[in-house]
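Structure, as structure tokens:
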Amino acid sequence: MEIKAGIIGATGYAGAELVRILLMHKCVKIVAISSVSFEGKKLSEIYPSYKSLCDMECKNADEVVEKSDVIFAALPHGLSQELGAKCDTEGKAFIDLGADFRLKDEDEYTEWYGGKFIDEELHKKSVYGLPELFRDNIKGKRIIANPGCYTTGAPLALAPAVVNGLIEMNGIIIDSKSGVTGAGRKPSQANHYPELNEGFHAYKVANHRHTPEIEQTLSKLSGQKVTITFVPHLLPVNRGILSTCYARLKEGVTKEQIRSAYEEFYKDEFFIRLLPDGANADIHNIKYSNFCDISLHIDSRTNTLVAISAIDNMVKGAAGQAVQNMNIIFGLDEKTGLVLVPPAF
């Protein structure tokens, strides 16, 4: 099988990461890439590390759709709905790394992103692509909403406890720290080197756009409306997200029950690495990979579960997960092209 892949928004960090991963995929040929900012330029001019590996010229989006079997869109919110409609009409797979198809409630999308659904039926066709939690929904579908970075790591840390009813669903606190690539490639004051280096700060406290997306996932898993407190922080590193999630244990739930629930839930998941008791999830150990490391801790004094996950925000939190979704759509082994070994140092 040869899958013809196209990338719209190939010169952003997520788009460039897609190129890196797809170049190593035995069943994929990248046939077209696009960029509004760098149309007409070679990708290797923008990212010299791709010289002789991907010297493709950035075209326009229509050409990408025309030539491809699967189209990845790595674009800011508000730019993917029309592309998704075009791909749907032409019977092509569309994997959106932006936010346009993630929220199922239009009112929530309007509240957090300021936009509207241009085609409600199109949104009904789309599915949320977090494979470890919603794999069966993804199979046979063509429009995939690839989850955000925070919205991958945090739900994976909590899912087994939620599904098995081991924690209280009110009062959940998620404290996440991200590398600066999560802010995108466009420079800003916040990610300017003198501002970021040797610093560490929270941002968009209790007001981050990933909040309703995390709540949507936890609500679906638990069968009830869930509201969380979510606070993201910016780390002075390039990659990685560490999410520390706090939830009150239900009366009588033991450490052994928690461990058993997580082991059973993730026993067949290659990309979930449940760490042994006493270990701590660390972004150092997942860099450049599609793995999600999870460590479990119980604060017996307060009867609190502390579940910590570590992912690479550019891979499992973006491009790698998008490729994992593509593999599911085309009936490939999910690991194809994604057995990326994290560097040891």
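Looking only at segment 193-223, count how many residues are crowded, with 17+ Cβ neighbours inside 10 Å, closer than 23 Å to P236 by Cα and polar (S, T, N, Q). Summing the residues that are crowded, with 17+ Cβ neighbours inside 10 Å, closer than 23 Å to P236 by Cα and polar (S, T, N, Q) in segment 193-223 gives 1. Taking the criterion of being more than 21 Å from the chain's Cα centre (by Cα) and outside any helix (DSSP H, G or I), the only residue of segment 101-114 that qualifies is G114. I'm checking my understanding of the structure. Among residues of segment 278-326 that are among the basic types (K, R) and closer than 19 Å to S176 by Cβ, which one is surrounded by the fewest Cβ atoms within 10 Å (Cβ to Cβ)? My answer is K287. All of (1) assigned to a loop (DSSP other than H, G, I, E, B); (2) farther than 10 Å from G240 by Cα hold for N313 with one exception: (2).
Condition test on E264, is it touching a residue at least 12 places away in the same chain (Cβ under 8 Å) and of a type in the set (D, E)? So E264 passes the test. Within segment 318-340, one or more residues are assigned to a loop (DSSP other than H, G, I, E, B), in contact with a helix residue (DSSP H, G or I) (Cβ under 8 Å, 6 or more places away or on another chain) and at pLDDT below 95.
Which of the residues that make up segment 5-60 are among the polar types (S, T, N, Q) and surrounded by fewer than 22 Cβ atoms within 10 Å (Cβ to Cβ)? Don't jump to the end; show me each part of the working.
Our first condition is that a residue be among the polar types (S, T, N, Q); within segment 5-60, this holds for 11, 34-35, 37, 44, 49, 52, 60.
Residues satisfying the conditions are S37, S44, S49, S52, N60.
Which residues, taken from segment 246-295, are of a type in the set (D, E) and closer than 28 Å to V323 by Cα? Those that are of a type in the set (D, E) and closer than 28 Å to V323 by Cα: E263, E264, D268, E269, D282, D293. Here no strands (runs of 3 or more DSSP E) wholly within segment 150-269 include at least 3 residues being modelled with pLDDT of 95 or more, of a type in the set (G, A, S) and closer than 29 Å to D105 by Cβ. In segment 122-133, the residues that are over 13 Å from T217 (Cβ atoms) reach residues that are of a type in the set (G, A, S) and part of a helix (DSSP H, G or I) with C-beta atoms within less than 7 angstrom, at least six apart or across chains, in these pairs: L122/G84; L122/A85.
When residues in segment 204-252 are screened for being free of Cβ contacts under 8 Å to residues at least 60 places away in the same chain and within 23 Å of T181 (Cβ to Cβ), 11 of them pass.
The values are calculated or read from the model by the stated rules, or taken from the named source; none is laboratory data. Note that the structure is predicted; figures quoted are calculated from it, not measured. Glycine also receives a Cβ, built like all others from the backbone with ideal geometry; neighbour counts cover every protein chain displayed.
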